[in-house]
Each structure stands twice: as C-alpha cells, then as structure tokens.
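Below is one structure, written out as structure tokens; comments come after it.
Just so you know, all these numbers are worked out from the coordinates, no wet-lab data involved. Quantities reported herein were computed from a predicted structural model and do not represent experimental measurements. Note that each Cβ is placed from the backbone with ideal geometry, even for glycine, and that neighbours are counted across all protein chains shown.
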Amino acid sequence: MNAKNVIENLKKRFPNEPEYLQAVEEVLESIEEVYNQHPEFEKANLIERLCIPDRIFTFRVSWVDDKGNVQVNMAYRVQHNMAIGPYKGGIRFHSSVNPSILKFLAFEQTFKNALTTLPMGGGKGGSDFHPRGKSSGEVMRFCQAYLLELHRHIGPHTDVPAGDIGVGGREVAYMFGMYKKLTHEFTGTFTGKGIEFGGSLIRPEATGYGNIYFLLNMLATRNIDIKGKKCLISGSGNVAQYTCEKLIELGAIPVTLSDSNGYIYDPEGITREKLEYVMDLKTVQRGRIKEYADKYNCKYVEGGRVWAEKGDIALPSATQNELNGDDAKTLMANGCIAVSEGANMPSTPEAIEIFLKNKILYGPGKAANAGGVATSGLEMSQNAIGLSWSREEVDARLKGIMNNIHENCVKYGTEKDGFVNYVKGANIAGFMKIAKAMMAQGIV
Ligand code: NDP
Ligand code: 2IT
C-alpha cells in the first residue's frame, strides 16, 4: 500500500468530504509501514475495505414544531465496520452534521472501539437537527420521528447507538422509548440509557473520567504529578464537565470552559461548587457559558478559543478541528506539557505535527476518549446478563481499560529514542486487531 496513492484515490471518489479524508489520511500514514510488512493484507485489499463504510443510511425526517409548522431534517446512520462486533457509536444532533463528518466519526470509532478490547464494531449517526432553542416537546418529537426510520437498521446484535454532541440522556431516553414501542421489545439497543431502564452507572462520567485516567498514564511515563497543574478545557458539555470534575478531585486546577459563542477564564480555578452551577446551566437551564463569567466575575472572551490562555495541560472537549497550528504554537510557547483529547479529531494535522515535533505528551482522541464507548460496552454487557454493576465496579473496569489502551499505545508507538508516539501506537494497535478479524473472515 502506498498511503499517498490510496488517499489520492479516495479524494477523487469523495471530493466533498474533507473531515473523512483527514481522518483516513492520519491513520494510513501511521499504519503504512506495518501494513506493508503483510503482503496478504494488500492481496485482500484490506485497506479500501477498511476505509469505506459497509453502508450508509440517508433519510428525511419530518416533524411538527411547537407552532404547528412542519420541519424537515436530513438524518443518517453510517455503519462502518462490523468485523469485531455489532456497529457501535453515538448519534450527533448539530446543524453542521453531514456525511463527511459522520463518515470521519464512524471511521475513528471503528479504531477506537477495537482499542477498548470489547467486541464492538464502528458506526455513527445523526442529523442536522439543532437542539439549541428547541423545546423539550420538539426534541422529543424529532427523536421519535428519527426513530421511525432508524429502528429498522439497529438492534442489540446489529447496531447500538448512544450519545454524542447534542445527544445526552434526555435524547437517548426519547429514542429508546420510541424504539421500544416500535419493536415491542425491551433490549439494550441504546447505551447511555437512564439508570432506571438499563443504563450503567459511570456512563455519563466515562468519557471525561477516562480521558483523565489516560492522561495520568501519560504523565506517569515522565513522573509528572497532576496536582496543581493548570488545565485548559474547551467545551462545556458532557465530556468537558466530567473532565473538569475528575481534575478537581485530583487537585488539578481547571481554568477554562467554552461553548460555540466564547470562553471563560477563571484564574482561581473552577471549583466543585462552580462546576455544579455549570452542570445545571448546561443540562437543565440550557444557557450559555457567558453566564458563568457574569456570575463569578471572571473573564469572558466572545468568539475566542481557550488555547490563548496559559496552561500546563490542554483538554480539547468540544468538536473537530477546534485546535489549529497557530493554537498549538501558542500552547507550546506557553509551556504546555500535555494534550489529551476528549473530543474526536479536535486537533488539525498541523497542530498534531507541532505536538509530535515538540515531543510533548499527546493523546489522540481515539485512545484518550475511548472510555465513553468502553463504558457503553460495559452497559451492553450488563444488559446482556440482566445485572447492574456498582459504581466502583464499573469505574475499576473503566480504569483497567484505559490503562490497557495506554499500554498498547506504548507497545506499538514507542520510537527509537524512547518517545511514545501515541498517534502511531493507537492507530497500529486498533488496525492490527481489525485486520486480523477481517482476514480471518474472508472477502465480505
Ligand atoms: P455536548 O453536546 O454535551 O457538548 C458539546 C460542547 O462543545 C458544547 O459546549 C458545545 O457548545 C461545544 N461545541 C459543539 N460544537 C461546537 C462548535 N462547532 N464550535 C465550538 N463549540 C462547539 O457533546 P459532548 O460533550 O458529548 O461531546 C464533545 C466532544 O466529545 C465531541 O467531539 C464528541 O464527538 C466527543 N466524544 C463524546 C463522547 C460521549 O460519550 N459523549 C465520547 C467520546 C467522544 P454549544 O452548546 O454552543 O454548541
Ligand atoms: O465518540 C464516541 O466515542 C461517542 N460519542 C460514544 C459512543 C458510544 O457508543 O458510547
């Protein structure tokens, strides 16, 4: 395989899908050498079969808003790869959702899920429905309308959706309710469910907690203590909130949060009490992060990015390509020692190049944020055996999985000078597992 040729070919076939091509390019570059040590892979054209999704469902969703107007949205489910388990991955509701974004997410998910050690393939879905400003009734009717079509394509052994941007506990519950009604069956087809109806303890916390468990592993390789470290977090949704919670618990000092309007900088640190305010603001009041600055009298920068501030550790937890080459340079100039990605593909290729060149601790999303889907996998296991595990049990398993992912990254990503390239490590470890499964299963 010549990675450049494969990418050129994909660019011709999918010219309007920049995010998808970006995600594929990063992986191909890092697995090229290992791939070429296995001529049997090339003979089976493993690479094209792994890059192109198994199938994509695209459909219209019609629903009625509070004023009685009929609204129409585009909706999708990308079923990327099923070699090691049923399709698994979140659903995103955001105005920017399009096939390119969902294809990149489903591709990344396939590798991430392989890293978790649990039997899950990769998928992703969503819609350009934008929940902001919508009433709960409107969100419910949209979720139900989306499920009227989606239910045909999912199932506990086929495809198991969960949350992502714009989809949290409320939306998963509405979708699960409609799925149950349509199929007349109570199955673990969604994860991120409420605790009363088959959800798992720690699932809401898992992506943020898992990212910090991964970060702790990275810091340990250089004997660095997290205590007292200033942390820059972007976003203020599910992942950002529980990242912040774990940091506070460990004595680190989170100083920023953001949303799509701007960011807050609280030099005294976001405390437990202030975080509780953010959780209520974002998940109950559904307000803007600016209100934090008004309440606690700190700096708010409209339209800015948190990377402009000085911090030891950066935790991008909002969205793709939210940290570019210039931001990376600023972080380096300000003495940042580690970047651990809660979001999917938040750093641009230019930013990644700068992190690797500076040999900082850089944990790419598909390794660092795998705790969310891993705990979804634990939810599936609990549903399958009809039991619910305690908080401690799920948290211990999550920790174990994150430690294991870190170990695998070190195994496959350590370079001659001892530097751990976690991008390479994560991509090769994920790839080898899927490749072996696909080779064993023949040309399908
Ligand atoms: P939420 O919807 O809970 O929060 C998203 C946050 O990011 C909000 O603060 C939102 O601001 C901000 N944001 C979203 N889009 C943009 C944008 N285009 N520009 C600037 N800010 C933006 O989502 P999650 O916390 O669940 O997801 C955050 C990231 O983590 C995503 O990349 C997701 O794919 C990834 N992830 C999530 C997992 C999960 O379990 N939930 C698991 C693994 C990864 P605003 O309110 O203004 O839109
Ligand atoms: O990107 C992700 O890993 C998620 N949004 C979570 C997916 C899941 O199935 O829990």
Per the 1/(1 + (r/R0)^6) rule, R0 = 56 Å and r from the Cβ atoms of N403 and D66, FRET efficiency to 0.05 is 0.70
Modelled label-to-label distance, N223 and A333, 7 Å Cα→beta-carbon offset: nm? 3.2
Give the aspartates and glutamates whose C-alpha is closer than 16 Å to that of K12, dropping any in the same chain fewer than 8 places away, or say none. E25, E48
List the lysines whose Cα sits under 17 Å from the Cα of K282, skipping any in the same chain fewer than 8 residues away. K134, K274, K290, K295
Starting from the Cα-Cα distance between R170 and D280, subtract it from 0.36 nm times their residue separation and give me the gain in nm to one decimal. 38.2 nm
Between S96 and K416, with labels modelled 7 Å along Cα→Cβ, what's the label distance in nm to one decimal, could you check? 3.9
Compare E42, E322, E149 in a GNM of the chain, Cα atoms joined below 10 Å, and give the one with the largest fluctuation. E42
Restricted to Cα positions, what overall size does the stretch 1-117 have along the principal axes? Three whole-Å values, descending. 61, 33, 19
I need two numbers for the stretch 285-422: Rg to one decimal and Dmax as a whole number, Cα atoms only, in Å. 18.1, 52
Choice from V167, V284, V24 with maximal GNM fluctuation in the chain (Cα, 10 Å cutoff): V284
The chain: calculated mean residue ellipticity at 222 nm from DSSP helix runs of at least 4, using -39500 (n - 2.57): -15000 deg cm²/dmol
Charged-residue dipole, Cβ positions (Lys, Arg, Asp, Glu), the stretch 249-350 about Cα centre, Debye nearest 20: 160
Go ahead and run the numbers for FRET between F57 and K4, Cβ-Cβ distance against an R0 of 25 Å, rounding to 0.05. 0.20
Inter-site label distance for E393 and H130 at 7 Å from Cα along Cβ, in nm: 4.4
Using C-alpha positions alone, give me the convex hull volume of the chain per residue in cubic angstrom. 138
If I stretch the segment between S260 and L356 completely, what's the gain in nm (0.36 nm per residue apart, minus their alpha carbon distance), one decimal? 31.8 nm
What's the extension gain from R13 to E29 if we count 0.36 nm per residue and subtract their Cα-Cα distance? 3.9 nm
In order over the stretch 22-30: 3J(HN,Hα) from phi, Karplus 6.51/-1.76/1.60, θ = phi - 60°, whole Hz, x for each Gly or Pro, gives 4, 5, 5, 4, 4, 5, 4, 4, 7
Can you tell me which of 118-127, 2-11, 80-89, 392-401 comes out highest on packing, and rank the rest after it, using the mean Cβ neighbours within 10 Å? 118-127, 80-89, 392-401, 2-11
Test of understanding: in a Gaussian network model of the chain with alpha carbons linked when under 10 Å, which of Y422, Y174, Y263 would top the mean-square fluctuation ranking? Y174
So what is the relative contact order for the stretch 335-413, in percent, with contacts set as C-alpha pairs under 8 Å and at least six apart? 29
Bridge orientation stat for the chain from DSSP, antiparallel percent rounded to 5, came to 60
What is the fewest-to-most order of S95, S347, S135 by other Cβ atoms lying within 10 Å of their Cβ? S135, S95, S347
Ascending count of other beta-carbon atoms within 10 Å, so fewest first, for M332, M140: M332, M140
Can you find, among A370, S347, V301, the residue sitting farthest towards the positive end of the charge dipole of the stretch 276-426, where Lys and Arg contribute +1 and Asp and Glu -1 at Cβ? S347
By Cβ neighbour count within 10 Å, fewest first, M380, M438 rank M438, M380
What's the ranking of 425-433, 152-160 by average number of surrounding C-beta atoms within 10 Å, highest first? 425-433, 152-160
Where the eigenvalues come from the Cα gyration tensor of the stretch 54-167, what are the semi-axes √(5λ) of the equivalent ellipsoid, largest first, in whole Å? 27, 13, 12
